[in-house]
Amino acid sequence: MPNKEKYLNNELLINARKPEGELGEKLIDMMNENHKNLAQWSVNHLEISKKDIILDIGCGGGVNVKRFLKMTDNNVYGIDYSDVAVKKSIELNKKAIEDKRCEIIKGSVSKLPFEDNSFDIITAFETVYFWPDFENDLKEVKRVLKDGGIIFIANEALPIKDDERQKEFIELLDANIYSEKELNDSLTNAGFCDIACFKKESIDSFTGDYANWICFVAKK
Ligand SMILES: C[S@@+](CC[C@H](N)C(=O)[O-])C[C@H]1O[C@@H](n2cnc3c(N)ncnc32)[C@H](O)[C@@H]1O
């Protein structure tokens, strides 16, 4: 029998893959707060112009959609396959949605409901761990990016050898924690170029443990 505290924690944490119900809403509120530092650090590596049309995939609670609305004068879109995430993102970006500068859509990265060559920048914060077919999903991202458009990936986890806590997390969430090489190879195999990687030693936003943040910027 798992102890109660651990059981409750896992019950909450499992929502990181696909937030659902009350606990999904609770985890989204926590992620909005806890992922702030990773987002602030990583976005510094992304050049955004006022004309850019931006899509955030796996948008969760929509904080990065809100961030990008301040960085571009053009439209910002968020997509997530979780109903709860879509609802929370809509609540957070209500005004911009009413002003027709923002759309939050329910859907999967594997089949993006957009035409070819639609976006200047596509971002993915803390979500690629859960994408079902990473390399093909990257090709789908490439399809909807304009020529010369940018894909941006930010993760606060890299594989840690023999780390029991990370192993538990991977099993609980059925997640893939990719190494720098795997991320680089997948972007290359999907056809991206000018790949740049940035790393920072930091702490995990949920556990407070040592963590390696990583972000990639690559061009179509
Ligand atoms: C750990 S949360 C990160 C949320 C947000 N990007 C952030 O940084 O706070 C992962 C999000 O990715 C979404 N997600 C996972 N797999 C997805 C997929 N295949 N298609 C669309 N969204 C997905 C989940 O529903 C969840 O909202």
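Coordinate-derived values only; no laboratory data. Just so you know, these numbers come straight off a predicted model, no measurement behind them. Glycine also receives a Cβ, built like all others from the backbone with ideal geometry; neighbour counts cover every protein chain displayed.
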Inset, instruction - Set the Förster radius R0 to 25 Å, insert the Cβ-Cβ distance between CYS193 and SER110 as r into 1/(1 + (r/R0)^6), and round the FRET efficiency to 0.05. - result: 0.65
Inset, instruction - Taking H placed 1.01 Å from N in the peptide plane, check which residues at least 5 places from ILE105 or on another chain put their amide H under 5 Å from its amide H. - result: GLY78, ILE79, ASP80
Inset, instruction - Divide the volume of the convex hull of the Cα atoms of segment 33-113 by its number of residues and quote the answer in cubic angstrom per residue. - result: 96
Inset, instruction - Please give the contour-minus-distance gain from GLU11 to ASP29: 0.36 nm per residue of separation, less the Cα-Cα distance, rounded to one decimal in nm. - result: 4.9 nm
Inset, instruction - Tell me the label-point distance for the pair MET71, LYS146, using the 7 Å Cα-to-Cβ offset, in nm and rounded to one decimal. - result: 1.7
Inset, instruction - For segment 3-68, report the convex hull volume of the alpha-carbon atoms normalised per residue, in Å³, without decimals. - result: 94
Legend entry - Relative contact order (%) - segment 81-220, alpha-carbon pairs under 8 angstrom, separation at least six: 23
Inset, instruction - Calculate for the chain the 222 nm mean residue ellipticity that helices alone would give, adding -39,500 (n - 2.57) per DSSP H run of length 4 or more and normalising by residue count, nearest 500 deg cm²/dmol. - result: -11000 deg cm²/dmol
Inset, instruction - Please give the contour-minus-distance gain from ASP209 to SER118: 0.36 nm per residue of separation, less the Cα-Cα distance, rounded to one decimal in nm. - result: 28.9 nm
Inset, instruction - Based on the mean of other Cβ atoms within 10 Å per residue, sort peptides 71-82, 136-147 so the most packed one is first. - result: 71-82, 136-147
Inset, instruction - Would you mind checking which residues have amide H under 5 Å from PHE119's amide H? H placed 1.01 Å from N; only 5 or more apart, or other chain. - result: LEU145, LYS146
Legend entry - Per-residue ³J(HN,Hα) for segment 182-192, Karplus 6.51 cos²θ - 1.76 cosθ + 1.60, θ = phi - 60°, Hz, x for Gly and Pro: 4, 5, 4, 5, 5, 5, 5, 5, 7, x, 7
Legend entry - Stokes-Einstein translational diffusion, segment 102-220 - Kirkwood Rh over all Cα pairs, 0.692 mPa s, 37 °C, in µm²/s: 217
Inset, instruction - For PHE114, list long-range residues whose amide hydrogen, built 1.01 Å from N in the peptide plane, is under 5 Å from its own amide hydrogen. - result: none
Legend entry - Rg/Rh for the chain, where both radii come from Cα atoms and Rh is the Kirkwood radius: 0.95
Inset, instruction - Please give the contour-minus-distance gain from HIS45 to ASP99: 0.36 nm per residue of separation, less the Cα-Cα distance, rounded to one decimal in nm. - result: 16.6 nm
Legend entry - Cross-link reach list, lysines versus LYS146, counting only Cα pairs under 20 Å and skipping chain neighbours closer than eight places: LYS50, LYS51, LYS111, LYS219, LYS220
